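To start, the structure under review is shown below, and the notes come after it.
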Amino acid sequence: MKKWIFAMTCLLGCLALRAQEPAADGQEPGEDRISVDRLSPEVAAASGERSEWLPSFTGVHVVGPVKIRFVPAPADQGPRIVYDTKGIFTSKFKATVNKDKVLIISERYDAKRQSVTEVTLYYNTLRSARFDGADVTVEQPFEATMFDLYVSGGAVVTAAFDVQDLYLQLTGKSTLTLTGRARYLSVEASTGKLDASALDVTAATVNATHKADVLLDVDERIEATASTGAKIRYRGAPPVLRGTTSIFGGEILSVE
């Protein structure tokens with residue numbers, strides 16, 4: 001009996017000392033973060049910043065709450081991805097290149113999570129991009145003859161371009177800010193907001209619906225259609241303007 005009481009006393013004393021240990025790395029109590037050395041190998045692999053080389057790709061599709069930055073890779077290097085899931089063990093981050101040479105980057109939505117996965121993507125050549133719910137920054141221009149861009153799911157995108165022909169589809173209350181140069185621009189916008197006032201455009205074709213808000217700067221020609229409460233505003237004085245508004249509401253306006 002005395003031995004049993006002595007053993008229980010020792011156990012309770014150890015537990016009390018363990019409870020008084022400070023959190024590792026400044027971790028606050030209740031923070032959604034787990035020390036890597038206490039994780040299983042599978043969970044630990046998802047913690048902290050990691051860097052991986054990737055197969056070649058010409059398109060990218062980013063889905064979910066990801067903050068991503070695009071950087072051109074050095075000429076003598078292949079594509080590479082650097083990502084940090086912030087040590088959140090519920091992360092389901094994935095980055096895979098499919099048979100069509102499209103890099104698919106995805107992360108799960110988690111309403112309880114306060115941080116987002118951060119990504120830096122070093123790429124060689126891109127001809128298309130889809131951003132669904134992501135926070136995207138492209139500081140150095142995407143360079144291509146033709147480029148297709150799809151923005152949806154409330155994504156927030158700031159991107160620079162140096163292209164001949166840019167096709168853009170904007171939906172899902174997303175916000176898109178463009179800079180650089182695109183000789184020809186085609187826009188399909190619905191419910192989103194596009195600011196392309198700092199994008200040098202020679203000719204543009206725009207179809208805006210469902211309260212989309214589009215701002216352009218066009219040199220020579222605009223063909224614009226606005227309906228269901230959409231607004232198309234343009235700067236400059238293009239000599240050719242073809243504009244159509246719907247009986248359901250829509251505006252095409254010149255602004256300075």
### Output for the stretch 150-167, where each listed residue is in a strand (DSSP E or B) and either over 15 Å from the mean Cα position of the chain (by Cα) or surrounded by fewer than 22 Cβ atoms within 10 Å (Cβ to Cβ) (or both)
150, 152, 156, 158, 160, 161, 162, 163, 164, 165, 166, 167
#### Entry: Unique match (being surrounded by fewer than 16 Cβ atoms within 10 Å (Cβ to Cβ) and outside the structural domain of residue 169 (by TED's automatic domain parsing)) among 100, 84
100
### Message
Residue pairs, Cβ under 6 Å, 6 or more apart or interchain, first in the stretch 173-200 and assigned to a strand (DSSP E or B), second acidic (Asp, Glu). List them.
### Response
177/195; 180/162; 181/162; 181/200; 184/165; 193/213; 197/217
### Message
Criterion first (more than 22 Å from residue 175 (Cα to Cα) and of a type in the set (D, E, K, R)) does residue 132 satisfy it?
### Response
no
### Summary
Of the listed residues (139, 143), the one being assigned to a strand (DSSP E or B), in contact (Cβ under 8 Å) with a residue 24 or more places away in the chain and either more than 17 Å from residue 55 (Cβ to Cβ) or among the aromatic types (Phe, Trp, Tyr) (or both) is 139
### Message
Just the residues that are under 23 Å from residue 142 (Cβ atoms) and surrounded by fewer than 19 Cβ atoms within 10 Å (Cβ to Cβ), please, taken from the stretch 196-212.
### Response
197, 198, 200, 202, 203, 205
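The values are calculated or read from the model by the stated rules, or taken from the named source; none is laboratory data. Everything quoted here is computed from the prediction, not taken from an experiment. All Cβ positions, even for glycine, are placed from backbone atoms using ideal geometry, and neighbour counts span all protein chains on display.
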